[in-house]
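Readers should treat all values here as calculations from the given coordinates under stated rules, not as data from a laboratory. Note that the coordinates shown come from a computational prediction; the quantities given were computed from them, not determined experimentally. With ideal geometry, Cβ positions are generated from the backbone for all residues, glycine too; neighbour counts draw on all protein chains shown.
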Amino acid sequence: MTNVFPRTDRSLLATWWWTVDRVLLTGVLVLVFAGIVIVLAASPPVGALRHKDPHYFIVRHLVFTGPALCLLFVCSLLAPLGVLRAAKGLAAVGIALMVLAVLAGPEINGAHRWVRIGEVQLQPSEFVKPALCVLTAWLAATRPWPQAALASLALAGLVIGLLLLQPDLGMAAIVLATLGLQLFVAGLPWLLVLGLGGLAFAGALAAYELFPHVAARVDQFMAPPAEFTQIEKALRAVASGGLFGRGPGEGIVKFTLPDAHTDFVYAATAEEFGILACLLIAGLFAFLLVRGLWRAHQAVDRFCQIATVGLVCQLALQALVNMAVNLNLVPTKGMTLPFVSYGGSSMLALGIGMGWALALTRARARLERPA
């Protein structure tokens, strides 16, 4: 495989092949393939119930996976300056669409998170997340303190404010946590790190008081009701799978758990493929995180370092929250498992985000000049 292109070839594809982190790329592709298999096994009952077609969700998952892989490849070809420019454009469009979603978007399960473009329904905040990582890195790498921190907090505050209006508390928490990690890596003083932590804690308390659905989820987590909840079904599915699972397609939780192909895909995986398969998936996310952080450590450019840390930590945090919800370790969040759960907007945005991570960790990647 390493001889696909000769070393003397200076074409765009050859240069990409010899500079991209093929180990990190392979890990992402394995995760995408695992997601296809899992959605194929978990989605037929809900597809038949909602759309009279058991193949509805797997077909749409494949439809979105193709463009997501194309975005992954195209974004990985970019130079760091191209990544920055793309992030600026995506952030501007995404924030505008988030405002539109709040004002005129369709209401789904009490939230206004989506906009409809023709026959496609997109969640703009999914695309703003990776763009915000890149812009935070740019501000931290090119601005002096405290100007960099204030500008980053202002930009993140705008996004978090729109997320709270939708409302989407889970994604707001991911955005804030990623911001804190990036600023810490960029050299944020410990006192300000503690201040951010205190702000996050105060925000959590305010969310509990202001949003009834948040209070209901926390109360349910702290004192589970007697009736058979989704979490209880998920835990029984995890326990019933054993080490090797019931077998592909043999699970039963997907017939009673409407989100077995999205929010609770980890529990469906445990039931059909076993705890060992779940550990492999968790290990794969851990590998992507460690590999990404190692490549960030090797980067010669401060912008590339901070942006890569944000992109890979964001992926890992989302995966951690989804798996923790499935195991009843945290209150339910309604968050997909990256590259594994069904979700068009999530899949496309993840393709962009990991494509940027691959671009920023290429050999000798450097922000050529201020944008």
Among 77-90, 57-70, how do they line up from the highest to the lowest mean number of other beta-carbon atoms within 10 Å?
77-90, 57-70
What Kirkwood Rh does the stretch 77-183 have if only Cα atoms enter the pairwise 1/r average? Answer in Å.
14.3 Å
Most packed first (mean Cβ within 10 Å per residue), the peptides 121-131, 31-41 order as 121-131, 31-41
Whole-Hz Karplus couplings 3J(HN,Hα) for the stretch 52-57, θ = phi - 60° and coefficients 6.51, -1.76, 1.60, Gly and Pro as x, run 6, 9, x, 9, 4, 6
For the stretch 34-136: Kirkwood Rh in Å [reciprocal of mean 1/r, alpha carbons]:
15.8 Å
Residue among Ala91, His55, Ala104 farthest towards the positive dipole end of the stretch 43-147, charges placed on Cβ:
Ala91
For Arg22 and Ala324 in one chain, what is 0.36 nm times their gap in residues minus the Cα-Cα distance, to one decimal in nm?
105.8 nm
With a 10 Å radius around each residue's Cβ, average the other Cβ atoms per peptide and rank 199-206, 304-311, highest first.
304-311, 199-206
Under the 7 Å Cα-to-Cβ spin-label approximation, Leu103 and Arg116 lie apart by a distance in nanometres of 1.9 nm
Could you tally up the Lys pairs in the stretch 30-360 with alpha carbons closer than 27 Å? Skip any pair fewer than 8 positions apart unless they're on separate chains.
7
Only Lys, Arg, Asp and Glu count, each charged at its Cβ (+1, +1, -1, -1), so figure out the dipole size of the chain about its Cα centre, rounded to 20 debye.
1120 debye
For the chain, what does the alpha-carbon gyration tensor say about shape, rounded, prolate or oblate, given a ≥ b ≥ c as the root eigenvalues, a/c under 1.5 as rounded, and a/b over b/c as prolate?
oblate
Using a Förster radius of 22 Å, what is the FRET efficiency between Ala79 and Phe5 based on their Cβ-Cβ separation? Nearest 0.05, please.
0.70
